[in-house]
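See below for the structure under consideration.
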Amino acid sequence: DEQLTKIGQKVKREYDIDYGTLSDWRDRSEAAMDLAMQIAKAKTWPWANSSNVVYPLMTVAAVQFAARAYPAIVMGRNVVKGVVVGPDNGIPQIAPDGSPAIQMTPQGPQPMWAQPPGSKRERADRIGQHMSWQLLVEMKEWEEGTDKLLHILPIIGCCFRKSYYDPGRGHNVSCLVMPQNIVVNYWAESINTVPRISEDIRLYPNQIEELVRAGLFIDHEYGLAEN
C-alpha cells in the first residue's frame, strides 16, 4: 500500500505538471472547435448582445480536407501495403559441395531455390491483404474512426488513435482519442521521445468492475468524474 501510494502521488504530480502547460493550447483548440461547429456566442462589443454571424469557412474547409484525404488513405480494399526491406533476389539451395544446387528442367539447368526470387514481395502482399481485412472487416470501428479523425485533424492540428488487442473481443481494436484527452507536456520536442504520455479515460462502473475482476485494476473506490 505504501509503494502504491508513492507511485500514485508521483503520477498525479507529473500529470498536473503536463496538464498545466496545455492551458493556452486548450483555449485555442476550444475556440477552433467552436468556430468549426458554428457556435455563436453572445457578443459584448460594440454593445451587449449585438448581432453575431458565424460563417462556415472552417466547417467547409474541414469537410473538403476529409473528402480529399479519405480516398487517398482507403483506396478500395487495399489499405495496408507491405514494404520489402532489403534485396528480394531469392536464396539458392546449397549443394553438399558448397556450390548452388542445380536442377534439370525442359528449359535446361535451373537453380534450386531455398527462397525463390520475389518471395518477400509475395509475403508483404499477403500481410497487407490480411491487415486490410483486419481494419475494414474485423475492426468495424476503424473506418468510422478514420472519417472522424480526418474531420478533426484540420481543425485542431492533431489527433490520436490507439490500437491494441482486446482480450474481451478476441481481436485488435482501434480507438479514436480526441486531442483534448491526451496530456503531454506542451514544450516536449517530439511525441515520439516525450517521457510521459497520459490519457484521460472515462469508464462506466460496470467497466471498472470488469477490470477489477480481470485483475487489471485494484479494488478501490474510484469516485465520479469531475466534469
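Explain nothing, just compute: Karplus ³J(HN,Hα) = 6.51 cos²θ - 1.76 cosθ + 1.60, θ = phi - 60°, for every residue of the range 191-207 in order, whole Hz, x for Gly and Pro.
So the Karplus estimates, Gly and Pro as x, are 5, 7, 10, 5, x, 8, 10, 10, 10, 7, 10, 10, 10, 6, x, 5, 5 Hz.
Show me, for the range 102-112, the HN-Hα J-couplings you get by feeding each phi into the Karplus relation (A = 6.51, B = -1.76, C = 1.60, θ = phi - 60°), rounded to Hz, glycine and proline as x.
With the stated coefficients, the range 102-112 comes to 10, 10, 8, 10, x, 8, x, x, 10, x, 9 Hz.
For the range 149-215, what does the relative contact order come out to in percent, with C-alpha contacts under 8 Å and a separation of six or more?
Numbers: 54 pairs, mean separation 13.2, N = 67.
Computed value for the range 149-215: 20 percent relative contact order.
Can you tell me the length gained on complete extension of the stretch residue 33 to residue 178, counting 0.36 nm per residue apart and subtracting the Cα distance?
Values: separation 145, 0.36 × 145 = 52.20 nm, distance 1.19 nm.
Gain on extension, residue 33 to residue 178, equals 51.0 nm.
Considering only protein heavy atoms and a 1.4 Å probe, what is the carbon-and-sulfur percentage of the accessible area of the range 1-160?
Numbers: 6940 of 11430 Å².
C and S atoms contribute 61 percent here.
Rounded to two decimals, what is the ratio between the C-alpha radius of gyration of the range 78-203 and 2.2 N^0.38 Å?
On the way: Rg = 23.3 Å, N = 126, 2.2 N^0.38 = 13.8 Å.
This ratio for the range 78-203 stands at 1.68.
Considering the zone a paramagnetic label at residue 91 would reach in this model (a point 7 Å from Cα along the Cα-to-Cβ line), which residues of the range 109-139 have amide N under 11 Å from it?
Under cut-off, by backbone N: 114-116.
Search the structure for amide H atoms under 5 Å from the amide H of residue 217, placed 1.01 Å from N in the peptide plane, and list their residues when 5 or more places away or on another chain.
The answer is 212.
Can you work out the accessible area per residue across the range 147-188, with the rest of the protein chains kept in place, probe 1.4 Å, in square angstrom? Please list the in-between numbers first.
On the way: 2280 Å² over 42 residues.
It amounts to 54 Å² per residue over the range 147-188.
Under a 5 Å amide H to amide H cut-off, with H placed in plane at 1.01 Å, what residues pair with residue 113 once short-range neighbours are removed?
93
Where q = 0.08, 0.13, 0.16 Å⁻¹, what log10 of I(q)/I(0) comes from the Debye formula for the chain, counting one point per Cα?
One equal scatterer on each Cα of the chain leads to -0.56, -1.07, -1.31.
Which ³J(HN,Hα) values, rounded to whole Hz and listed in residue order, are derived for the range 214-220 from phi using the Karplus coefficients 6.51, -1.76 and 1.60 in 6.51 cos²θ - 1.76 cosθ + 1.60 with θ = phi - 60°, glycine and proline given as x?
Once rounded to whole Hz, the list reads 7, x, 8, 10, 7, 6, 8.
With no solvent and one point on each alpha carbon, what is the Debye value of log10 I(q)/I(0) for the range 148-202 at q = 0.12, 0.15, 0.17 Å⁻¹?
Cα-only, vacuum Debye calculation for the range 148-202: -0.35, -0.53, -0.67.
Report Rg (one decimal) and Dmax (nearest whole number) for the range 1-99, counting Cα atoms only, units Å.
For the range 1-99, the Cα radius of gyration and maximum Cα-Cα distance read 28.3, 96 Å.
The values are calculated or read from the model by the stated rules, or taken from the named source; none is laboratory data. Computed from a predicted model, the values in this text were never measured in an experiment. A quick note on method: Cβ atoms are made from the backbone with ideal geometry, for glycine too, and the neighbour counts reach across all protein chains shown. SASA here: full protein model, heavy atoms, side chains in, ligands and nucleic acids out. Shrake-Rupley method; radii C 1.70, N 1.55, O 1.52, S 1.80 Å.
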